[in-house]
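To start, the structure under review is shown below, and the notes come after it.
Throughout, read-outs are computed from the coordinates displayed, never taken from laboratory work. Remember, it's a predicted structure, so these values are computed and weren't measured experimentally. Here the Cβ is made from the backbone with ideal geometry for all residues, glycine too, and neighbour counts use every protein chain on show.
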Amino acid sequence: MFYTDGKLQYPVRVEKPNPIFARALQQAIGGVEGEIRVMMQYLFQGWGSRGPKKYRDMLINTGTEEIGHIEMLSTAVALNLEGAPLSMQEDVANDGIAGAVLGGMNLRHILSTGLAATPENCNGVPFNASHVYASGNIAADMYANVAAEATGRALAVRLYGMTDDPGMKDMLSFLIARDTMHQQQWLAVIEELGGNTEQLPIPNSFPQSEEANRFSYAYFGHRIDKQIPMGRWTEGASLDGKGKFEPMISEPLGGEPVLAPPRPDGGAQTEQVQGGMAVPPAANDPSLGGAPNVA
């Protein structure tokens with residue numbers, strides 16, 4: 001159950017409304033780096049969390065905080081739209097600046113909401129929940145959350161640089177600070193769970209003895225000149241302490257794939273059905289040098 005007292009989590013004020021900045025703020029609401037994404041991500045991770053209850057509680061608590069961030073940003077959009085031009089015929093004819101502003105606005109702010117925010121990005125594309133990651137694996141989700149907060153903080157920093165409005169800078173400084181904390185928060189969970197040594201690879205419940213261990217810590221080079229970009233990822237102990245990084249030129253380990261002819265009732269041409277190649281026994285057998293048939 002969720003409650004609200006009708007008050008903003010942090011003050012939102014706009015000294016000089018800017019409809020174009022209102023459009024930019026939409027990215028922080030419904031963009032892939034935005035608050036709807038992390039709100040849903042943390043809540044769905046929490047609602048599906050299994051294991052220690054404290055992680056469920058923490059996730060749901062932080063997801064609830066993100067609802068407040070959406071409220072703040074939606075308020076900021078509405079305040080930036082106050083006084084925006086509404087008529088192309090009248091405003092543009094009388095004021096060239098108003099025409100330029102109108103041309104750069106998200107027209108849905110006029111046409112769909114009456115000068116209010118929308119659940120979409122700065123280009124008017126509705127939020128897509130496929131960007132929400134809730135895997136049921138606590139470590140995988142924490143790393144996904146760090147990435148979400150990192151890209152969200154980068155966006156907030158860019159928005160901060162786009163405005164000279166003191167109120168907007170103040171609000172964004174708060175959101176940037178919360179992104180800082182949330183990055184630390186998710187990394188703290190990883191540390192509490194044992195850090196990289198214990199949590200990697202994810203999921204750590206799968207026995208690595210069943211991996212193709214020859215390739216577990218090999219960095220594949222795919223350049224035609226066989227040059228490999230060398231770095232921490234090509235030498236020294238792996239980050240989980242369970243192997244050693246090494247460079248490896250990628251080579252085809254399987255044969256050329258050969259598929260069976262199409263079925264007569266599968267909608268293919270007669271020439272395909274009658275002229276199909278027989279499948280050599282070893283063609284799709286990895287143990288005999290062929291590629292596995294995963295059809």
1/(1 + (r/R0)^6) with r = Cβ-Cβ of Leu86 and Met162, R0 = 35 Å, i.e. FRET efficiency to nearest 0.05, evaluates to 0.90
Descending packing, highest mean Cβ count within 10 Å first, for 220-228, 129-137 is 129-137, 220-228
Kindly write out, for the range 5-15 in residue order, the coupling ³J(HN,Hα) from the Karplus curve 6.51 cos²θ - 1.76 cosθ + 1.60 (θ = phi - 60°), rounded to whole Hz, with x marking Gly and Pro.
10, x, 9, 6, 5, 8, x, 10, 9, 10, 7
Cα convex hull of the chain: mean projected area in nm², to one decimal?
25.4 nm²
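Net charge near Ile190, counting Lys/Arg +1 and Asp/Glu -1 over other residues with Cβ under 11 Å of its Cβ? The partial results should precede the final answer.
Details: positive: none; negative: Asp141, Glu191, Glu192, Glu198.
After counting each charged neighbour, the total is -4.
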Electrostatic dipole magnitude of the chain [Cβ: Lys, Arg +1; Asp, Glu -1; Cα centre; debye, to 20]
300 debye
Reachable aspartates and glutamates from Lys53, Cα under 16 Å, same-chain residues fewer than 8 places away excluded?
Asp141, Glu192
Where a ≥ b ≥ c are root eigenvalues of the Cα gyration tensor, a/c under 1.5 meaning rounded, otherwise prolate if a/b exceeds b/c and oblate otherwise, the range 208-249 counts as oblate
Farthest towards the positive end of the dipole of the chain, among Leu25, Met162, Met58 and with Cβ unit charges of +1 on Lys and Arg and -1 on Asp and Glu, lies the Cα of Met58
Non-local residues with an amide H under 5 Å from the amide H of Tyr219, with H modelled 1.01 Å from N and Pro and chain starts lacking one, are Glu246, Met248
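Counting pairs of Cα atoms in the range 128-221, how many percent are more than 15 Å apart?
Working: 3066 of 4371 pairs.
For the range 128-221, the share of Cα pairs beyond 15 Å comes to 70 percent.
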Taking Cα centroids, how far is the range 148-203 from the range 61-79 in Å?
16 Å
Magnitude of the Cβ-charge dipole (Lys and Arg +1, Asp and Glu -1) of the range 208-249 about the Cα centre, nearest 20 debye, reported as 120 debye
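Rounded to two decimal places and with Rh computed the Kirkwood way over Cα pairs, what is Rg over Rh for the range 1-72?
Working: Rg = 14.7 Å, Rh = 13.7 Å.
Reported Rg/Rh, Kirkwood definition of Rh: 1.08.
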Once amide H atoms are placed 1.01 Å from N in the peptide plane, what residues at a sequence separation of 5 or more from Glu120, or on another chain, have their amide H within under 5 Å of its amide H?
Gly30, Phe127
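Can you sort Val77, Val125 from fewest to most other Cβ atoms within 10 Å of each residue's own Cβ?
Working: Val77 27, Val125 12.
Least crowded to most crowded, the residues run Val125, Val77.
Go through 4-14, 30-40, 194-204 and give me the packing order, highest mean Cβ count within 10 Å leading. Don't skip to the end; give the middle numbers.
Working: 4-14: 12.5, 30-40: 22.8, 194-204: 15.0.
Going from most to least packed, we get 30-40, 194-204, 4-14.
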Under 20 Å Cα to Cα from Lys244, which aspartates and glutamates show up? Leave out anything in the same chain fewer than 8 places away.
Glu198, Glu210, Glu211, Glu235
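When the helices in the chain are scored as -39500 (n - 2.57) per DSSP H run of 4 or longer and the sum is shared across all residues, what 222 nm value do you end up with, to the nearest 500 deg cm²/dmol? All intermediate terms of the calculation are to be shown ahead of the outcome.
Details: 9 runs with 130 residues, N = 295.
Calculated from helices alone, the mean residue ellipticity at 222 nm is -14500 deg cm²/dmol.
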At least 24 Å along the helix axis (C-alpha) and Kyte average at least -1.0, DSSP helices within the chain:
53-81, 138-162, 166-192
Mind listing the phi-derived Karplus ³J(HN,Hα) values for the range 242-252, rounded to whole Hz, using 6.51, -1.76 and 1.60 with θ = phi - 60°, and x for any glycine or proline?
10, x, 9, 5, 8, x, 8, 6, 6, 10, x
Pop a pseudo-label 7 angstrom from the Cα along the beta-carbon direction at both Thr270 and Arg13 and give the gap in nm to one decimal.
8.3 nm
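Can you tell me which of 171-182, 65-76, 243-254 comes out highest on packing, and rank the rest after it, using the mean Cβ neighbours within 10 Å? Mind dumping the intermediate values first?
Working: 171-182: 18.8, 65-76: 20.6, 243-254: 12.5.
So the peptides 171-182, 65-76, 243-254, ranked by packing, come out 65-76, 171-182, 243-254.
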